[in-house]
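The values are calculated or read from the model by the stated rules, or taken from the named source; none is laboratory data. Given the structure is predicted, the values throughout are model-derived calculations rather than measurements. Positions of Cβ are backbone-derived with ideal geometry, glycine not excepted, and every protein chain shown enters the neighbour counts. Quick note on the areas: whole protein, heavy atoms, side chains included, nothing else; ligands and nucleic acids left out. Shrake-Rupley method; radii C 1.70, N 1.55, O 1.52, S 1.80 Å.
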Amino acid sequence: MKITAFKGIGEKTAGLFHKLHIDTAEELVHYYPRDYEFFHAPTSLAEADEDEIAAVSGRIRGNIATRHVRGLSITTFDVDCVGGDVLHMTYFNMPYLKNSLKKDAQYIFRGLLQKKGSRYVMEQAKMYKPEEYGKMIDCMLPIYSTTKGLSNNTITKAVKQAMGVVDLSQDYLHDDIRISENLYTYEEAIHQIHFPTNRDALIRARARLVFDEFLLFILMVRRMRDANNLIPNKCPMIAVAESERLIEALPYALTNAQHKVWREIQEDLSSDHTMNRLIQGDVGSGKTILAFLALLMCVANGYQGAMMAPTEVLAAQHYETLIQLKKQYRLPINPVLLTGSTTAKDRKLIYEQIANGEANVILGTHALIQDKVAYHNLALVITDEQHRFGVRQRESLAMKGNDVHVLVMSATPIPRTLAIILYGDLHISVLDEVPAERLPIKNCVVNTSYRDTAYRFIEKEVSEGHQAYIICPMVDEGDVEELENVISYTAKLKENLSPSVQVASLHGRMKAAEKNRIMEAFAAKQIDVLVSTTVIEVGINVPNATVMMVENSERFGLAQLHQLRGRVGRGDAQSYCIFMSGNAKPETMARLKILNESNDGFYIASQDLKLRGPGDLFGIRQSGDLKFVLGDIFQDAGILQRAAEWADKILTQDSALESIQYTSLRKKLNTVSINEVDFRTI
């Protein structure tokens with residue numbers, strides 16, 4: 001059913017929903033909240049937790065003052081709270097409060113409670129009349145990701161209507177599994193994930209839906225593995241002198257780990273069966289040169305090789321590097337670059353070169369898997385930054401040849417036990433060494449009081465000719481007021497840094513061409529400081545960048561913070577990473593300080609796995625290598641392992657899922673799109 005059939009949703013509102021990829025009632029039902037508001041009873045300031053959302057009751061004391069600073073109106077007043085403490089309130093660009101609020105009026109103030117010196121303070125707190133707030137106590141209200149012009153309230157009302165028309169009674173999970181794992185029915189889970197009756201119900205609902213995600217994904221991967229293990233090598237290769245000569249000529253020595261993985265790749269390409277291998281290596285461990293060596297071996301054996309990167313900037317960087325290697329070492333390669341920005345004239349020529357075999361190394365983005373691209377004798381497919389591509393996209397590129405060899409690369413290290421489950425269709429190679437010449441990144445974990453010092457340090461690095469990244473968890477102002485957002489932060493940063501420092505912003509809502517323009521400008525040193533969401537987690541290589549600062553770092557998983565840190569430390573200069581926490585609680589700071597202990601991604605991933613628990617529903621953004629809708633491979637490692645056990649049991653009992661008990665599961669598996677890339681905004 002189209003959502004335009006719902007009350008209150010006309011064509012204009014439907015267009016806003018479309019921006020969120022929601023057009024039908026079914027899509028709306030599966031558009032899960034990103035957080036929930038917990039409305040606890042008001043407490044005294046002494047009982048409330050600092051750096052947490054709190055609700056306090058109090059009366060407005062004294063005058064309500066408004067002043068203007070550089071075009072910004074700031075309204076302040078004090079509140080006498082229960083227990084005798086005073087709360088200082090600040091509101092930005094809300095001058096009308098001076099006339100609408102009255103002295104001695106009683107309100108419930110709900111917002112982020114902080115202590116600055118001896119004063120309790122709240123900024124931009126929401127205000128409720130006591131009787132209004134009383135009706136909301138103990139409620140859990142869903143918070144959805146929105147878009148400009150579409151409120152959370154509108155989405156909530158639409159979801160309630162959708163729940164009344166979508167048939168959720170069909171459960172594709174067999175009762176034996178559901179009862180054994182103490183899982184909700186599918187219908188219960190959907191209802192409770194949107195409108196939970198309490199926290200325990202929410203945890204159970206999420207567990208059921210996460211189990212479903214993992215089980216369906218693993219079943220698909222297992223079936224792919226079984227099929228791949230039977231594919232004979234139709235593009236047999238032999239070791240070639242060109243690869244060994246390049247290794248000897250490089251201005252640096254390969255690590256022992258690189259030598260080991262290179263031998264595994266050579267053996268795969270020469271074996272009786274088609275290669276399906278994952279190179280799992282930490283940031284800076286040297287995966288790319290191994291990919292180039294594999295492409296060189298492929299070309300020297302008379303075949304074509306293709307390498308797909310997640311962004312145009314990274315694809316172009318790979319292309320330029322290969323061109324330099326070709327000229328410097330006289331390699332027998334003829335690379336071409338094919339991306340969405342390639343002009344029609346150039347595209348036509350490149351298509352011809354690929355089809356007739358003149359181009360033997362093809363680099364690019366998703367343009368490589370378009371229907372118009374016809375390869376001459378494609379034998380090797382490499383996907384860089386694996387976690388930006390879904391299983392089906394890997395298949396799409398591989399299908400361009402005749403049972404081609406597949407090599408995928410991932411820069412997010414995860415514990416081997418989980419990697420075996422998640423990459424069950426691939427053999428795994430691990431690069432667990434970093435070249436000796438790399439300077440280790442210097443790290444610090446600080447609270448927001450350090451921010452001005454950090455700005456001065458960034459100015460110093462820029463004055464010495466370097467560049468910096470600043471990461472924010474949000475694109476723009478939303479329902480979570482205490483989080484920094486790219487748009488407001490960029491404006492604030494321009495005011496706080498010297499006018500000579502060039503500041504720009506980058507986020508997932510920008511059009512692809514604009515994102516590429518910004519990243520190219522940063523790579524060309526035309527931008528000094530780039531304020532971004534995690535969209536820069538992969539896809540840009542700027543050796544001149546020496547500072548990474550992550551705002552609200554407590555909102556990210558350790559593995560993702562390590563991945564972000566990998567954007568610096570790529571050149572010869574000393575690099576630094578500043579993890580700014582908006583929560584100064586000892587346990588939060590202790591968790592982040594694990595990043596101080598080590599630059600080893602595998603160690604950090606294992607610590608992340610230990611620290612995350614099933615109750616950590618919110619406050620830590622999705623991390624890890626595969627982007628599931630709800631599941632997180634660290635937080636939900638236990639569910640992942642149980643789902644893998646059930647997948648093995650199911651396939652052992654009935655590999656084709658032909659029995660009656662698995663009919664619904666087979667239908668679901670054949671229709672669901674498992675782990676397709678989600679390019680929606682962060």
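Near Met548, within a Cβ-to-Cβ distance under 9 Å, what is the net charge of the other residues, with Lys and Arg +1 and Asp and Glu -1? Local net charge: +2. Taking amide H as placed 1.01 Å from N in the peptide plane, the amide H of Cys577 sits under 5 Å from that of Lys442, Asn443, Cys444, Met548, each at least 5 places away or on another chain.
Extending 7 Å from the Cα toward the beta-carbon at both Glu50 and Lys260 defines two label points whose distance is 4.7 nm.
Calculate, for Ser180 and Asp600, the FRET efficiency according to 1/(1 + (r/R0)^6) with r their C-beta to C-beta distance and R0 35 Å; round to the nearest 0.05.
Working: r = 38 Å, r/R0 = 1.07.
According to the calculation, E is roughly 0.40.
The distance between label points at Ile420 and Asp35 comes to 3.8 nm (points 7 Å beyond Cα on the Cα→Cβ vector).
Full extension from Lys372 to Glu11: what is 0.36 nm times the residue separation minus their Cα-Cα distance, to one decimal in nm?
Full extension of this stretch gives 126.4 nm more.
Expressed in Å, the radius of gyration and Dmax of the Cα atoms of the chain are 27.1, 86.
Please quote Rg/Rh for segment 85-132 to two decimal places, taking the Kirkwood radius as Rh and restricting both calculations to Cα atoms.
Details: Rg = 11.4 Å, Rh = 11.9 Å.
Rg divided by Rh gives 0.96.
What lysines does Lys668 reach when the alpha-carbon gap must be under 16 Å and sequence neighbours fewer than 8 apart in one chain are set aside? The qualifying lysines are none; the list is empty. For the residue pairs Lys12/Lys148; Lys98/Lys129; Lys19/Lys667, alpha carbon separations beyond 20 Å are given by Lys19/Lys667.
Here r is the Cβ-Cβ distance between Ala241 and Gln574 and R0 is 25 Å; the resulting FRET efficiency, rounded to 0.05, is 0.05.
Counting only protein heavy atoms and a probe of 1.4 Å, the accessible surface of the chain is 50% carbon and sulfur. Extent along the principal axes, Cα only, for segment 201-310: 62, 33, 24 Å, with the longest axis given first.
First select every other residue whose beta carbon is under 12 angstrom from the beta carbon of Lys260; then total the charges, Lys and Arg +1, Asp and Glu -1. List each step's numbers first, then the result.
Numbers: positive: Arg263; negative: Glu264, Glu267, Asp432, Glu433.
Summing Lys/Arg as +1 and Asp/Glu as -1 gives -3.
Leaving out ligands and nucleic acids, and using a 1.4 Å probe, what accessible area per residue does the chain come to in Å²?
44
Extension gain, Arg451 to Glu658: 0.36 nm times the residue separation minus the Cα-Cα distance gives 68.5 nm. Spin-label model, Asn63 to Arg330: label points 7 Å out along the Cα-to-beta-carbon direction sit 8.5 nm apart. The helix-based estimate of mean residue ellipticity at 222 nm for the chain, built from -39,500 (n - 2.57) per DSSP H run of four or more residues and divided by its residue count, is -11500 deg cm²/dmol to the nearest 500. A Förster radius of 60 Å, combined with the Cβ-Cβ distance separating Asp403 from Ala105, puts the computed FRET efficiency at roughly 0.20. Taking each residue as 0.36 nm, the span from Glu267 to Leu250 lengthens on full extension beyond its C-alpha to C-alpha distance by 3.9 nm. Determine the distance separating the Cα centre of segment 480-555 from the Cα centre of segment 174-241; give it in Å without decimals. Distance between centres, Cα-based: 35 Å.
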